[in-house]
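Peer 1: Input: one structure, supplied below.
The values are calculated or read from the model by the stated rules, or taken from the named source; none is laboratory data. All values derive from a computational prediction rather than experimental measurement. FYI the Cβ positions are ideal-geometry reconstructions off the backbone, even for glycines, and counts take in every protein chain you see.
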Amino acid sequence: MSPRRYTLGARAAAVADTRERVLTAARDLYRDGGFHRSSLDEVARRADVARATVYQRFGSKLGLLEAVLTDYERRADLPALAAVVEEGPPETLLRAMVTEGCRYWATDPALARKILAAGSADPAAGELLRRHDAGRLSLLETTVRRLDEAGRLAVPPGTALDVLWVLTAFETYDQLAAGRGLSTQDTADVLSGLAEARLGG
């Protein structure tokens, strides 16, 4: 390996390490005190990097929040959920989709809880969260379309979409997982059972 390629590789690794340290610090601070109480200065101190580094990499407090959201989707393996929706057999699609949705929220529920709370208090954060949630809506629309095409819906597609929107929301998952103390699998069983009873599946 040439010295130049080695240097570039080492630099890329250092950049990735710094980014991960900042994201880890932001996640920890969001869980502890929420988005609004976590300044970029605090994130920089927790990550042991210069404040300017955080600004250079993420641009703003909102930019860092978006990076944390994108990182959540990566850690929760969003492509696995999309694959179930797009490729799963219609006979098991409804239950599989709801189960994968619960697994997605179970990745880091404490973080999800604090981030979603930020959206209700900050219009800009709320708009950012709505943009990310548009991905969930798109997956639900695909689920409903595939179930409808397979003749597995007992209600109109619009009603099915409304029901699934509620059943796959974090707040619904959290009421059972945190509120009732159910495991992720038990939560998925309850919610998928409700979906099948209402929609057909």
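Peer 1: Can you confirm whether region 20-39 contains a residue that is more than 30 Å from ASP162 (Cα to Cα) and within 14 Å of the chain's Cα centre (by Cα)?
Peer 2: Yes, because at least one residue in region 20-39 is more than 30 Å from ASP162 (Cα to Cα) and within 14 Å of the chain's Cα centre (by Cα).
Peer 1: I'm checking my understanding of the structure. Among residues of region 98-134 that are touching a residue at least 60 places away in the same chain (Cβ under 8 Å) and over 22 Å from GLY33 (Cβ atoms), which one is surrounded by the fewest Cβ atoms within 10 Å (Cβ to Cβ)?
Peer 2: ALA106
Peer 1: Moving on to the next point. Considering each residue of region 40-82, count those that are surrounded by 13 or more Cβ atoms within 10 Å (Cβ to Cβ) and among the small types (Gly, Ala, Ser), and give that number.
Peer 2: Of the residues in region 40-82, 6 are surrounded by 13 or more Cβ atoms within 10 Å (Cβ to Cβ) and among the small types (Gly, Ala, Ser).
Peer 1: Next up: Based on what the data block shows, is VAL155 over 20 Å from the mean Cα position of the chain (by Cα), at pLDDT 95 or above and not in a helix (DSSP H, G or I)?
Peer 2: Spelling it out, VAL155 is indeed over 20 Å from the mean Cα position of the chain (by Cα), at pLDDT 95 or above and not in a helix (DSSP H, G or I).
Peer 1: Quick one: which residue in THR99, THR159 is out of contact with any Ser or Thr (no Cβ under 9 Å at 6 or more places or on another chain) and outside the structural domain of PHE35 (by TED's automatic domain parsing)?
Peer 2: Result: THR159 is the single residue among THR99, THR159 that is out of contact with any Ser or Thr (no Cβ under 9 Å at 6 or more places or on another chain) and outside the structural domain of PHE35 (by TED's automatic domain parsing).
Peer 1: Also, I was wondering about something else. Scan region 31-43 and report the pairs whose first residue is closer than 20 Å to ARG57 by Cα and whose second residue is among the charged types (D, E, K, R) and assigned to a loop (DSSP other than H, G, I, E, B), with Cβ atoms within less than 9 Å and a gap of 6+ or a chain change.
Peer 2: Here the result reads PHE35/ASP122; HIS36/ASP122, each pair linking region 31-43 to a residue that is among the charged types (D, E, K, R) and assigned to a loop (DSSP other than H, G, I, E, B).
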